[in-house]
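Student: Pasting a structure below so you can have a look.
Computed from the coordinates by the stated procedures, all read-outs in this text should not be read as laboratory data. Everything numeric here is computed off the predicted structure, so don't read it as measured data. Positions of Cβ are generated from backbone atoms using ideal geometry, with glycine treated the same way; all protein chains shown enter the neighbour counts.
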Amino acid sequence: MLDIKDLTAGVEGKTILNGLSLTLPKGEVHAIMGPNGSGKSTLAYTLAGRDGYEVTGGSAALDGQDLLDMEPHERAAAGLYLGLQYPVEIPGVSNVNFLRTAVNAQRRARGEEEISAGDFLRAMRKEAEAFDLTMDHMKRGVNVGFSGGEKKRNEMIQMAMIEPKVAVLDETDSGLDIDALRVVANGINRLRSTDRSILIITHYQRLLDYVEPDRIHVLKTGRIATSGGPELAAELEREGYDAISAEAA
Amino acid sequence: MSERPTKKDEAWRYADFDALKEHWPDSADRWETVDVAAGETKRELVRLLPDPDLVSDVTRLKVTVGDGGRYELFALAARSRYGRLEIEATLGDGAHFEFGGAIIGKARATNEFIVRVNHEQPNATSNQTVRAVLADKATGSFLGKVYVARGAQKTDGSQSSKAMLLDRTATANLKPELEIYADDVKCAHGATVGELDKRALFYMASRGIPPEIAERLMLQTFVAEGFAELGDDKAREALEADALGVLEALR
Ligand SMILES: Nc1ncnc2c1ncn2[C@@H]1O[C@H](COP(=O)(O)OP(=O)(O)O)[C@@H](O)[C@H]1O
Ligand SMILES: [Mg+2]
């Protein structure tokens with residue numbers, strides 16, 4: 001479903017992703033782990049098409065569609081979702097308005113019918129509650145006055161409402177206390193489905209205690225250094241990322 | 001009739017003189033007077049909507065608010081060439097003056113609010129809120145002065161002005177100014193000129209919102225801040241709708 005081949009990309013002329021290849025089949029959950037600065041967020045932003053992230057080689061396709069050729073909003077409509085490591089605040093634009101505009105823009109882009117205000121609000125209330133937030137939060141400006149953990153849970157609410165084909169969750173688990181981590185993990189498990197793929201970017205093993213990935217990849221200096229089954233997480237926890245570099249070298 | 005102003009006149013320094021000369025003095029050199037009696041409240045809405053056939057449009061109001069009276073003025077300035085709204089308000093004891101305005105300009109439009117509030121008596125309050133959205137080579141200006149006379153104790157005057165430049169070629173002149181001769185007063189002012197938050201635009205795009213809709217959503221709420229103090233929901237929504245219409249035609 002998500003096919004990344006030999007991806008080379010960078011910021012301001014500095015190469016950060018260095019020939020990264022990764023295949024995320026339909027219905028699977030993979031995790032990318034790696035030390036700080038290894039390029040995890042750069043991968044996420046490059047896939048989403050953020051300004052300033054320049055692709056100098058390779059390809060990335062979602063369901064066979066070339067992502068790199070599309071504008072960021074077109075990538076979203078094609079089914080890509082990015083949960084941001086640092087969600088943005090947008091004062092004055094309510095979460096409700098923001099998300100409804102997003103859902104309907106995607107539906108229009110795909111030639112589908114828009115969702116009615118009533119149906120949308122009902123669904124949103126349900127998801128807000130599932131992630132331990134209230135409609136009161138949803139009526140406020142996007143992420144305005146939200147704690148770090150609330151912002152991350154809001155990323156999950158948005159994912160649940162948008163129903164993407166491929167979700168890339170960039171450290172959605174960092175900054176969460178243990179209760180919030182469980183809430184997010186339960187959400188990810190609930191949103192796992194045979195026609196959705198999820199790429200969990202994480203720095204710690206913690207989340208993977210609750211969400212068992214099909215595969216784990218270790219990112220080092222802009223490429224996948226090694227891949228393995230779920231048992232790799234515990235190994236990393238024990239031996240650290242440095243052991244991996246020795247193995248890869 | 002007075003002489004046609006020049007760039008040297010402080011209150012006219014950002015005016016479009018080419019546009020102005022066609023109308024001076026007939027329409028431009030005229031002050032309307034507004035009197036708000038003691039204890040009364042008066043509210044006015046001014047809409048200077050885009051009009052390609054109108055070269056210049058100058059509205060000048062001299063407002064006197066009696067003791068304990070209240071005057072509210074909300075304005076949208078979006079003339080295609082030159083629009084100017086000038087207000088001089090003189091407040092009695094305990095009176096309030098409220099000004100809320102939005103400027104929206106594109107192409108070579110010049111729109112400006114010139115506001116002078118005279119706190120001649122004690123205990124009066126005034127509040128001015130201006131938001132400007134400027135594209136292309138448009139100019140938007142706010143010259144806002146709060147004058148506090150000797151003896152006008154307990155004056156509270158605040159001004160907030162913000163401009164959003166959609167292109168580097170647009171110009172915003174925000175000049176809040178205080179002239180204070182009393183010692184027991186509270187006056188606050190702020191002025192900022194900025195651009196749309198790129199992080200927010202990317203965030204919206206990553207959710208599937210196309211750039212033109214994302215931009216409009218952000219500008220709509222920004223401009224609405226200019227009308228936030230308008231208590232009548234219906235009137236406020238109508239003004240916001242007019243502003244949205246102008247915003248939609250910006251790009
Ligand atoms: N905007 C940027 N400008 C310059 N360098 C950047 C920028 N963003 C990230 N980098 C650099 O790229 C490398 C990878 O960063 P990042 O992708 O954020 O790593 P991770 O998410 O794995 O911690 C780091 O060395 C970082 O300093
Ligand atoms: Mg990161």
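Student: Using Cα springs under 10 Å in a Gaussian network model of chain A, which residue among A:I115, A:I201, A:I188 shows the largest mean-square fluctuation?
Tutor: A:I115
Student: Counting only chymotrypsin sites (Phe, Trp or Tyr not before Pro) that are in a DSSP loop and have at most 13 other C-beta atoms within 10 Å, tell me the longest site-free stretch of chain B.
Tutor: On the way: sites that count: B:W31, B:Y181.
Longest run free of exposed loop sites: B:32-180.
Student: While we're looking at this one, here's another question. If I fit a long axis through the Cα atoms of helix A:178-191 and take the longest principal axis of the Cα atoms of chain A, what angle between them do I get, 0 to 90°, rounded to 10?
Tutor: The angle comes out near 80 degrees.
Student: Also: Please identify every one of the trypsin sites (Lys or Arg not before Pro) in segment B:166-220 that sits in a loop by DSSP and has no more than 13 other beta carbons within 10 Å of its own beta carbon. Could you put the intermediate results ahead of the total?
Tutor: Working: sites: B:R168, B:K186, B:K198, B:R199, B:R207, B:R216; in loops: B:R168, B:R207.
Listed in order of number, the matching sites are B:R168.
Student: Same structure again: I need the trypsin sites (Lys or Arg not before Pro) found in segment B:11-57, filtered to DSSP loop residues with at most 13 other beta carbons within 10 Å of theirs. Let's see the in-between values first.
Tutor: Numbers: sites: B:R13, B:K21, B:R30, B:K42, B:R43, B:R47; in loops: B:R13, B:R30.
When the trypsin sites (Lys or Arg not before Pro) of segment B:11-57 are filtered for loop state and at most 13 Cβ neighbours within 10 Å, B:R30 remain.
Student: Assuming R0 = 51 Å, what is the FRET efficiency of A:E114 and B:R30, from their Cβ-Cβ distance, to the nearest 0.05?
Tutor: Working: r = 50 Å, r/R0 = 0.99.
Result of the calculation: an efficiency of 0.50.
Student: Just flag the chymotrypsin sites (Phe, Trp or Tyr not before Pro) in segment A:32-135 sitting in loop per DSSP whose Cβ has no more than 12 other Cβ atoms within 10 Å.
Tutor: In loop regions of segment A:32-135 (DSSP not H, G, I, E or B), there are no sparsely surrounded chymotrypsin sites (Phe, Trp or Tyr not before Pro).
Student: If you don't mind, another one. Normalised by the residues of chain A, what does the relative contact order come to in percent, with Cα pairs under 8 Å and at least six apart?
Tutor: Averaging sequence separation for qualifying contacts and normalising by length gives 27 percent for chain A.
Student: If I model a spin label at A:T221 and B:L49 as a point 7 Å from the Cα along the Cα→Cβ vector, what separation in nanometres do I get?
Tutor: In this crude label model, A:T221 to B:L49 measures out at 6.5 nm.
Student: Given the C-alpha centroids of segment B:2-51 and segment A:1-16, what is the distance between them in whole angstrom?
Tutor: If we compute the Cα centre of each part, the gap is 57 Å.
Student: Which pairs break 24 Å Cα to Cα here: B:K21/B:K162; B:K21/B:K62; B:K106/B:K162; A:K151/B:K198; A:K26/A:K151?
Tutor: Working: B:K21/B:K162 29 Å; B:K21/B:K62 22 Å; B:K106/B:K162 17 Å; A:K151/B:K198 19 Å; A:K26/A:K151 28 Å.
Check vs 24 Å cut-off fails for B:K21/B:K162; A:K26/A:K151.
Student: Taking only Cα atoms and a 10 Å spring cutoff, compute GNM fluctuations for chain A and point out the largest among A:E54, A:E12, A:E74.
Tutor: A:E12
Student: Let me ask you something else. Given the rule -39500 (n - 2.57) for each run of at least 4 DSSP H residues, summed and divided by the residues of the protein assembly as shown, what is its mean residue ellipticity at 222 nm, to the nearest 500 deg cm²/dmol?
Tutor: -8500 deg cm²/dmol
Student: So, one more: Taking GluC sites (Glu not before Pro) as candidate sites, keep only those in a DSSP loop with at most 16 other Cβ atoms within 10 Å, then name the longest stretch of chain B containing none of them.
Tutor: Values: sites that count: B:E3, B:E22, B:E40, B:E195, B:E229.
Result, exposed sites excluded: B:41-194.
Student: Count charges around A:G39 for me, please; just the other residues with Cβ under 12 Å from its Cβ, Lys/Arg as +1, Asp/Glu as -1. Write out the running numbers ahead of the final one.
Tutor: On the way: positive: A:K14, A:K40, A:K220, A:R223; negative: A:D170.
With Lys, Arg at +1 and Asp, Glu at -1, the neighbours total +3.
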